[in-house]
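*Asks:* If you scroll down you'll find the structure; I have some questions about it.
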Amino acid sequence: MPDPMPASRDLIEAVATTGMADPRAVGTLDGRQGSNRARGGVCQLSADTDLEAVRAWLAEYANSPHTLRSYRKEVERLLVWATRGQGKPLSSLTREDLLAYEAFLAQPGEDWIDPRLPRRGGGRRLFDGPLSARSVRHALGILSGLFNYLVAAGYLAGNPLALRRGRTGHTVGDLRRAAVERYLDQALWQFVLDFVEGMPRGTVREEQHRERARWVLRLLHGAGLRAAEAAQARACDLAQRRGKWWLQVIGKGGVQGDVPVSDAWMADLARYRAFHGLAALPRPDERTPLIMAIAGGNGRCLTSTAVYLIVKDIFVPAAEARQADDPAGAATLRRASTHWLRHTAATHQADAGTDLRFIQKNLRHASLETTAIYLHAEDDRRHAATTGQPS
């Protein structure tokens, strides 16, 4: 089976040192004789080992790079913990083992977080430190999805996380708090835009850095894109209908949609393209990435990680510049990332009175309930009515 992405070879590399690749481990750590293997039925996968089964699951997310990286990280951690720490294959883990793993995620041993360990290759450091309660729940949710998949495929007999006590009461609250906290209000957003305008431009490299930073902020905020969507977007994804510009997007889970973009957004794109010697308006067949390499177009798209780092390289120094006048705003900027700009876009659209159904389509949410968490204006009005203070 081909790798779902080249980086999935890291998965093999990380577990190779545990003995799973050792012929002597067949029937012990590779999962061929796992105690939770389904017996007697028809397996829908050609996998004989746990590693092959995991790669089949990851291949389902090959078209969602961000999701793939997140899922691969979590299953990689579990595989190494199970084989190296417990001496068990994935397909022999029990409910008790997963309870122990949950406790481990909240407090991994010193040998798992040793900063002297390499960040790449076999034996690398898989944790920077203990995970928060929310991150632990997120990790176990991903792993439960893996186990459900392997059960449905006829590879495993049961899901050892299926008995896990539900925490739906916390999930809704977490979702609401995330939406409330993870966005920039209008004042802080304007500060960031002004900060970028004032970035150094004494050298060619500084000017290139400033122009790209300026455009990336406007691209993400103006179209409400995820980092992976922005990284893969090309000039030919823009199209005019009835004199209006739209950006065609293939998003999470391969869902297609189109996003309306403003004349101001198109003007910012024209400025960025002109800086690199391109025509203001893209041709219908033009494959130039919307975010180019810093020195200009080479035809290759950036990775979503590169887009994430561009944004962090804006927010971190902006936070330092904000610290003296607004410590709370500076703290917000230090935590902010590319996905905060998607939340910010939705919040600003809602504050401007955009119909919730339109915001749902713009963000390509499956549920209107998901979009509704961005309606902060209603909270402002309720606060004003209750306290007598202006909203």
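The values are calculated or read from the model by the stated rules, or taken from the named source; none is laboratory data. On a predicted model such as this, the values are computed, not experimentally measured, just so you know. Backbone-built Cβ (ideal geometry, glycine too); neighbour counts: all protein chains shown. Side chains included, ligands, DNA and RNA excluded: accessible areas come from the protein's heavy atoms. Shrake-Rupley method; radii C 1.70, N 1.55, O 1.52, S 1.80 Å.
*Asks:* Of the peptides 194-202, 268-276, how do they stack up when ordered by the mean number of other Cβ atoms within 10 Å, highest first?
*Replies:* Put in order of decreasing packing, that is 268-276, 194-202.
*Asks:* Taking a ≥ b ≥ c as the square roots of the eigenvalues of the Cα gyration tensor of segment 48-151, is the shape rounded (a/c under 1.5), prolate (a/b larger than b/c) or oblate?
*Replies:* rounded
*Asks:* Leaving out ligands, DNA and RNA, and with a 1.4 Å probe, what % of the accessible surface on segment 224-285 is carbon or sulfur?
*Replies:* Accessible surface attributable to carbon and sulfur in segment 224-285 totals 52 percent.
*Asks:* Taking R0 as 30 Å, what's the FRET efficiency between residue 43 and residue 95 from their Cβ-Cβ distance, rounded to 0.05?
*Replies:* Plugging the Cβ-Cβ distance into 1/(1 + (r/R0)^6) gives 0.85.
*Asks:* Can you give me the Cα centroid spacing of segment 132-150 and segment 37-91 in angstrom?
*Replies:* 13
*Asks:* Running Debye on segment 242-320 with equal point scatterers at the Cα sites and no solvent, what base-10 log of I(q)/I(0) appears at q = 0.20 Å⁻¹?
*Replies:* Per q value, in the given order, log10 I(q)/I(0) is -1.18.
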